[in-house]
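Coordinate-derived values only; no laboratory data. Owing to the predicted nature of the structure, the values given are computational and were not obtained by experimental measurement. Please note: Cβ atoms are built from the backbone with ideal geometry, for glycine as well, and neighbour counts cover all protein chains shown.
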Amino acid sequence: MRQSTLFAQTYREAPAEADAISHRLLLRAGFVRSLAAGIYAFLPLGQRVLRKAENIVREEMDRTGAQELLMPAMQPAELWEQSGRLGAYGPELIRLKDRHERDFVLGPTHEEVVTALFRDEVGSYRKLPVTLYQIQTKFRDERRPRFGLLRGREFVMKDAYSFDEDWEGLDRSYRAMYEAYRRIFDRCGLTYRAVEADAGSIGGEGGTHEFMALADIGEDTIVSCASCDYAANLEKAEAAAPIAHDLAADIPEPQRFATPNIRTIDELVSALGLPASRFAKTMIYVADDQPVAVVVRGDREVNELKVKNALGAETIGIADADTVLRVTGAPSGFAGPVGLSVPVLVDLEAAVEDGWIVGANQADYHVRNVVPGRDYRPACVGDYRIAAEGDGCPRCGAGGLRFSRGIEVGHVFKLGTKYSESLNATFADRDGNEKTAIMGCYGIGVSRLLSAIAEQHHDGDGLAWPMSVAPFRAHIVPVSANDAVQMALAERLYGEIRAAGIDALIDDRDERPGVKFKDADLIGIPIRIVVGKQAAEGLVEFKHRSRTDQETVNAGDVCDKVK
Ligand code: ATP
Ligand code: MG
Ligand code: MG
Ligand code: MG
């Protein structure tokens with residue numbers, strides 16, 4: 001491709017709202033443009049990277065025998081009613097009506113659709129096992145779209161679904177996906193960890209792992225052991241942590257406190273006299289022996305509280321500190337200054353009105369049971385667990401736990417029969433008995449991958465793409481567009497490289513050398529061929545983007561070196 005015609009401008013500065021290094025670089029280098037919060041256009045450079053990432057994913061999915069299909073983004077709401085998720089999914093689900101007033105949703109994920117397809121297509125065990133996948137645009141009206149492609153409201157996902165006769169079959173399908181994920185992330189040049197995860201809002205009965213690209217900007221905390229291979233996300237690690245306190249003994253009476261002047265978690269933490277470090281806790285409140293309130297956990301670094309339902313089963317909302325304080329507000333908010341804990345009684349009705357707590361359980365059950373002004377007591381004994389850095393490892397008992405940050409780039413999940421049961425996806429087994437299919441689901445954030453890779457592969461001058469996903473393999477930069485000898489040699493190399501089937505970008509613009517080199521560094525194509533003064537002697541400079549050294553090579557050898 002010719003840079004003179006490339007549909008993208010580079011910028012020296014990123015717009016002020018760009019909130020992550022990968023976001024700033026992708027904008028500055030002309031890979032993506034923002035249309036609205038969390039909604040992006042992929043310009044030609046970005047689209048090329050996206051396509052390369054997609055193809056890596058596609059090749060590795062195909063290698064496992066999974067079959068590619070494409071499902072509609074627009075889905076009838078009835079399907080979501082049948083699975084029970086229409087209410088449960090909450091405001092992240094984009095709902096719309098067609099001209100006949102029929103209800104639809106824009107798919108944030110496709111368990112419902114794929115299970116309905118399976119139900120209508122597969123009747124016999126002879127067609128099992130089967131794994132189906134697609135690479136497709138997903139919609140989630142995220143509460144806090146941010147960090148560019150890392151948390152979009154419209155984004156590209158690879159989602160796969162396996163159907164098996166029994167749990168042993170699911171184990172095999174799951175393992176195949178797990179291994180495929182490793183190959184995918186290896187090929188993308190990512191430094192990552194597969195961590196044990198907690199079953200989130202998707203529900204399910206089996207195991208689950210998240211693949212975390214290591215990066216400080218990551219919104220997830222990875223807990224790993226210094227001496228064995230234990231690695232889990234924070235929720236999972238906390239569930240395995242030893243019980244730290246007997247709550248009943250610690251907080252006989254909740255202390256009420258007023259919050260009008262507290263606006264941030266920092267202020268809350270200091271008002272309570274807590275150590276200014278991460279705090280988290282698990283707590284269930286009861287009134288009249290009914291669990292009515294919620295589990296609250298806080299993370300000072302990201303200044304947000306996660307709220308789970310009383311059964312601790314799912315995350316039903318994430319609120320920033322301001323919202324939590326507004327919703328909990330004095331005098332209904334109270335806290336017990338115990339260790340690192342900050343139990344907060346949430347006024348569920350207000351929280352629901354505010355639209356930040358969602359969930360079927362809460363909608364069907366909690367809310368009805370909450371009476372404003374009633375005296376709710378903390379009554380969760382022995383369920384107070386905090387995983388902290390330096391704790392003993394729950395697997396090997398030795399070694400201290402370490403915390404680090406990660407970006408969830410992939411997620412594999414044993415679903416069991418949650419969807420096949422509610423949507424009636426059955427098949428006849430070899431004895432002719434009707435059986436419910438055992439499912440797994442497997443997601444990769446393909447567009448998120450671009451940002452995760454950019455977070456890990458850049459330097460002070462710009463992006464430095466791994467070869468496997470680079471928009472072009474080689475960048476040919478004639479130093480002076482007015483020098484006929486340089487231009488002729490550059491054009492010759494461009495032709496040779498392309499004839500060898502290699503994608504290349506040639507900077508044929510009439511720009512100062514400084515501008516060309518700055519742009520080349522910013523865009524980050526792995527191999528650079530600079531055609532300068534020595535062109536007359538048939539010599540060019542050959543350089544890798546992420547290395548400082550360069551070598552002078554014969555123009556005749558360039559094509560072979562690029563291969
Ligand atoms: P997160 O915890 O980051 O919100 P999730 O657990 O909700 O992600 P899944 O439902 O597991 O996401 O979806 C599968 C994959 O899709 C995720 O592992 C992630 O890589 C990607 N993904 C999820 N939400 C987004 C988003 N808003 N923008 C970009 N990619 C996303
Ligand atoms: Mg999410
Ligand atoms: Mg997640
Ligand atoms: Mg997930």
Legend entry - Förster radius 35 Å - calculated FRET efficiency between ASP549 and ASP186, Cβ distance, rounded to 0.05: 0.85
Inset, instruction - Beta carbons within 10 angstrom, averaged per residue: use that to sort the peptides 397-404, 135-142, highest first. - result: 135-142, 397-404
Inset, instruction - Would you please put 210-220, 165-175 in order of how densely packed they are, using the mean number of other Cβ atoms within 10 angstrom per residue and starting with the highest? - result: 210-220, 165-175
Inset, instruction - Under 23 Å between C-alpha atoms is the cut-off here; go through the stretch 402-541 and count lysine pairs that meet it, provided they're at least eight residues apart or on different chains. - result: 4
Inset, instruction - Read phi for every residue in the stretch 449-460 and hand back ³J(HN,Hα) as whole Hz from Karplus 6.51 cos²θ - 1.76 cosθ + 1.60, θ = phi - 60°, with x for Gly and Pro. - result: 3, 4, 5, 5, 5, 5, 4, 8, 10, 7, 9, x
Legend entry - the stretch 43-54 - phi-based ³J(HN,Hα) in whole Hz, Karplus 6.51/-1.76/1.60, Gly and Pro as x: 6, x, 5, x, 5, 5, 5, 4, 5, 5, 5, 4
Inset, instruction - Please report HIS544, HIS100, HIS209 as a ranked list, fewest other C-beta atoms within 10 angstrom at the top and most at the bottom. - result: HIS100, HIS544, HIS209
Inset, instruction - Search the structure for amide H atoms under 5 Å from the amide H of ILE476, placed 1.01 Å from N in the peptide plane, and list their residues when 5 or more places away or on another chain. - result: LEU505, ILE506, ASP507, ILE529
Inset, instruction - Work out the charge dipole of the stretch 422-563 with +1 on the Cβ of Lys and Arg and -1 on the Cβ of Asp and Glu about the Cα centre, then indicate which of THR436, CYS559, HIS457 is farthest towards its positive end. - result: THR436
Legend entry - For the stretch 66-162, with +1 on Lys and Arg beta carbons and -1 on Asp and Glu, the positive-most of LEU132, MET71, GLY90 along the dipole: GLY90
Inset, instruction - Along Cα→Cβ, 7 Å out, is where each label goes; now give me the distance between the ones at LEU70 and ALA536 in nm to one decimal. - result: 5.5
Inset, instruction - Quick one: which residues, 5+ away or cross-chain, put their amide H under 5 Å from the amide H of LEU69? H built at 1.01 Å from N. - result: TYR133, GLN134
Legend entry - Two-site FRET efficiency, LEU35 against ASP431, from Cβ-Cβ distance with R₀ of 60 Å, rounded to 0.05: 0.60
